Amino acid sequence: MQATDNNSDVYQMPDGRGHFGVYGGMFVAETLMGPLAELREAYEKYLQDADFLAELDYELQQYVGRPSPLYFAERWSKQLGGARIYLKREDLNHTGAHKINNTVGQALLAKRMGKTRIIAETGAGQHGVASATVAARLGLECVVYMGAEDIQRQAMNVFRMKLLGATVVPVESGSRTLKDALNEAMRDWVTNIDDTFYIIGTVAGPHPYPAMVRDFQTIIGREARSQILQQEGRLPDALVACVGGGSNAIGLFYPFIEDKDVAIYGVEAAGDGLETGHHAAPLCAGKPGVLHGNRTYLMEDAHGQIIHTHSISAGLDYPGVGPEHAWLKDSGRANYVAIDDNEALQGFHDLTRIEGIIPALESSHALAYATKLAPTMTSEQIIIVNLSGRGDKDIHTVAEHEGITL
Amino acid sequence: MSRLAACFEKLHKSGKKALIPYVTAGDPEPGVTVSLMHAMVAAGANILELGVPFSDPMAEGPVIQRAMERALEHEVSLDDVLKMVQTFRQSDADTPVVLMGYLNPVEVKGYTDFAREAQAAGVDAVLLVDMPPEEADDLLSALSAHELDMIFLVAPTTDDARIKMITESGRGFIYYVSLKGVTGAGHLDISAVKQQLAKIRLQTALPVAVGFGIKDAESAASIADVADAVVVGSALVRKVEENADSVDNINSAVAGLLSEMRAAMDRC
């Protein structure tokens with residue numbers, strides 16, 4: 001899936017040790033270096049394996065429901081009075097978000113590697129549900145680590161995972177949220193490496209995860225590229241996607257990276273506002289550092305401790321970001337912007353009322369940025385927004401925020 | 001000769017093995033650490049391993065995780081830890097001190113500043129759990145410019161090619177992680193440890209320390225039988241935790257366990 005041309009203009013990231021410029025890498029305890037090498041070899045082998053790729057395609061079509069439509073949001077575009085906005089409908093995937101593209105891929109890989117047990121971390125629960133779903137489908141044992149704080153906030157997803165047969169382990173350490181769940185999943189993996197496969201849910205973690213998760217998510221951008229060529233006869237002018245860890249965004253962006261006329265916008269969560277410090281926007285307001293196995297932009301204090309993040313959207317509430325986004329920021333190929341809680345809620349309501357689609361609060365950040373971008377463009381121009389997930393899981397959060405008791 | 005090399009040489013001559021206790025700096029409060037360091041030396045420790053608190057200690061079991069959380073409640077930073085070492089050095093010029101922690105606090109300070117300040121404070125070596133040799137070129141040159149050793153880990157999952165690379169990059173001693181798991185786990189397999197140590201010794205003349213899973217006099221003695229040094233962490237940190245509300249008892253509780261280990265190690 002990576003370009004192999006010798007032309008130095010061709011985007012070839014990461015290097016053999018997982019570096020995107022100075023970012024990425026493998027910053028883990030020695031015990032994991034061997035298992036990561038084993039994973040890298042398996043992943044490289046099976047991405048060239050016709051049987052594996054055929055199995056993956058079959059699952060993506062028949063189980064996930066791909067391809068997902070590229071929907072022209074005509075009414076919304078007209079109201080905004082600018083660019084024509086298309087929505088890549090990842091919300092229509094089985095389990096309601098883009099997460100399953102990756103969990104299907106990694107779980108099939110786990111099975112080929114002879115692993116019988118999968119573990120995953122989850123914040124809002126979407127990746128946990130996607131992992132539990134695929135584990136049920138393939139008959140694998142599944143353990144999901146989830147911050148105790150998040151378990152309280154996402155009771156419905158916890159129950160969904162349990163219905164699917166997964167064990168949900170509450171994580172009581174640290175801030176009791178997603179980053180701590182990731183720490184705990186790593187601790188499980190280091191203890192049970194012989195039979196366990198760790199399905200990381202985003203393009204973070206040590207090499208090969210950022211590249212592997214990207215490769216499983218690029219189905220989004222590959223489909224969108226051929227769909228827009230078919231529907232409009234040309235490439236879009238801009239891509240917009242929300243960025244927490246950044247897997248849906250890189251999935252959309254990657255197949256367009258060499259199309260230099262396509263502007264790329266990653267939208268981080270500004271929470272209460274970047275100026276308040278209560279946000280989850282490491283690319284817009286953080287500094288480089290090392291966390292969870294890779295070097296990237298982080299939310300950290302002056303002494304290198306990871307600090308608490310805030311976003312109304314649990315899926316964006318993470319203090320790091322995939323290292324490839326850090327590279328795309330520094331190289332200037334992609335622009336990173338931030339949308340606060342209130343703007344995201346407005347995006348949520350707009351799409352719901354105008355197009356009859358209830359978006360996830362994560363995706364609502366991308367939608368809110370599109371409402372700023374579209375009026376600056378002409379009606380001849382095209383924006384593709386990644387509608388990364390559906391909003392059913394968020395209706396309690398929205399109701400609570402607006403003082404409504406369900 | 002560095003303090004570490006001198007320490008191992010002296011032990012070797014007397015036929016003894018090194019006892020290396022680990023405690024987290026600033027646990028349960030910053031005021032106890034320096035006096036605890038001296039108490040551990042008095043109880044028979046040869047080298048001290050001082051944990052630098054980090055918000056996301058991925059390789060630690062629950063005991064050391066909680067220790068780091070207690071220290072971070074007091075906002076103990078890398079700067080504070082260096083000050084503790086500096087204070088310790090005022091009355092102990094000989095006992096080597098190894099800082100153990102995670103990369104990010106060092107990364108944020110900057111490798112060169114860190115190396116200079118650590119040397120000035122009297123630190124001898126650095127062990128960063130999430131910094132493998134592959135990524136460590138720049139850090140290694142900064143450390144060696146300031147006469148600091150970088151300790152690397154070898155694990156049960158490390159193959160021969162990696163053992164070779166790690167032993168070529170490592171200085172001071174090699175730290176063998178005795179089990180697949182986090183600190184404080186409880187499934188130590190001495191014969192497996194012995195096998196892997198033999199492989200390590202084929203590649204290096206550096207002393208080899210063994211840690212993870214050593215919790216009492218008996219396990220310390222059996223490790224001392226096969227290794228050059230015994231690292232004990234969670235078992236001591238648990239003593240600190242048990243006395244977190246009565247800090248005056250911490251030194252004697254930790255020293256008590258260490259003395260038992262020392263005696264058992266010296267018997268073999």
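The values are calculated or read from the model by the stated rules, or taken from the named source; none is laboratory data. This is a predicted model, so every value here is computed, not measured. Glycine also receives a Cβ, built like all others from the backbone with ideal geometry; neighbour counts cover every protein chain displayed. All accessible areas refer to the heavy atoms of the entire protein, side chains included, with ligands and DNA or RNA removed. Shrake-Rupley method; radii C 1.70, N 1.55, O 1.52, S 1.80 Å.
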Quick one: A:Asp15 ticks every box in (1) farther than 25 Å from A:Lys329 by Cβ; (2) among the acidic types (Asp, Glu); (3) within 14 Å of chain B (Cβ to nearest Cβ) bar one, so which box is it?
(1)
Lone qualifier among A:Tyr23, A:Tyr43 - being over 29 Å from A:Ile382 (Cα atoms), within 14 Å of chain B (Cβ to nearest Cβ), touching a residue at least 60 places away in the same chain (Cβ under 8 Å) and under 20 Å from the mean Cα position of the chain (by Cα):
A:Tyr23
Residues of region B:172-221 satisfying the condition of being small (Gly, Ala, Ser), out of contact with any Lys or Arg (no Cβ under 9 Å at 6 or more places or on another chain) and either buried (at least 22 other Cβ atoms within 10 Å of the Cβ) or in contact (Cβ under 8 Å) with a residue 24 or more places away in the chain (or both)
B:Gly172, B:Ser178, B:Ala185, B:Ala192, B:Ala209, B:Gly211, B:Gly213, B:Ser219
Flag if A:Thr122 is farther than 30 Å from A:Glu300 by Cα, buried (at least 24 other Cβ atoms within 10 Å of the Cβ) and under 22 Å from the mean Cα position of the chain (by Cα)
no
Subset of region A:171-187 [open to solvent by 10 Å² or more (accessible area, probe 1.4 Å), of a type outside the set (Lys, Arg) and within 10 Å of another protein chain (Cβ to nearest Cβ)]
A:Glu172, A:Ser173, A:Gly174, A:Ser175, A:Glu184
Looking at the structure I just gave you, is A:His303 open to solvent by 20 Å² or more (accessible area, probe 1.4 Å) and closer than 20 Å to A:Gly391 by Cβ?
no
Could you go through region A:224-244 and let me know if any residue there is touching a residue at least 24 places away in the same chain (Cβ under 8 Å), surrounded by 23 or more Cβ atoms within 10 Å (Cβ to Cβ) and farther than 21 Å from A:Val337 by Cα.
yes
Within region B:157-268, which helices (runs of 4 or more DSSP H) (wholly inside it) include 1 or more residues that are within 23 Å of A:Leu36 (Cβ to Cβ)?
B:160-169, B:190-203
Exactly one of A:Tyr58, A:Tyr86, A:Tyr43 is of a type outside the set (Val, Ile, Thr) and under 18 Å from A:Ala241 (Cβ atoms), and that residue is A:Tyr86
Just checking, does region A:199-222 include any residue being without any contact (Cβ under 8 Å) to a residue 40 or more places away in the chain, more than 22 Å from A:Val134 (Cβ to Cβ) and surrounded by fewer than 23 Cβ atoms within 10 Å (Cβ to Cβ)?
no
What number of residues within region A:51-81 satisfy the criterion of being open to solvent by 50 Å² or more (accessible area, probe 1.4 Å) and among the basic types (Lys, Arg)?
2
Elements of type helices (runs of 4 or more DSSP H) in region A:312-406, at least 1 residues being touching a Pro at 6+ places or on another chain (Cβ under 9 Å) and open to solvent by 10 Å² or more (accessible area, probe 1.4 Å)
A:323-331, A:341-355
Criterion violated by A:Glu258 - all others in (1) assigned to a loop (DSSP other than H, G, I, E, B); (2) buried (at least 19 other Cβ atoms within 10 Å of the Cβ); (3) away from every other protein chain (no Cβ under 14 Å) satisfied:
(2)
Considering A:Gly34, A:Gly25, which residue is in contact with an Asp or Glu (Cβ under 7 Å, 6 or more places away or on another chain) and not in a helix (DSSP H, G or I)?
A:Gly25
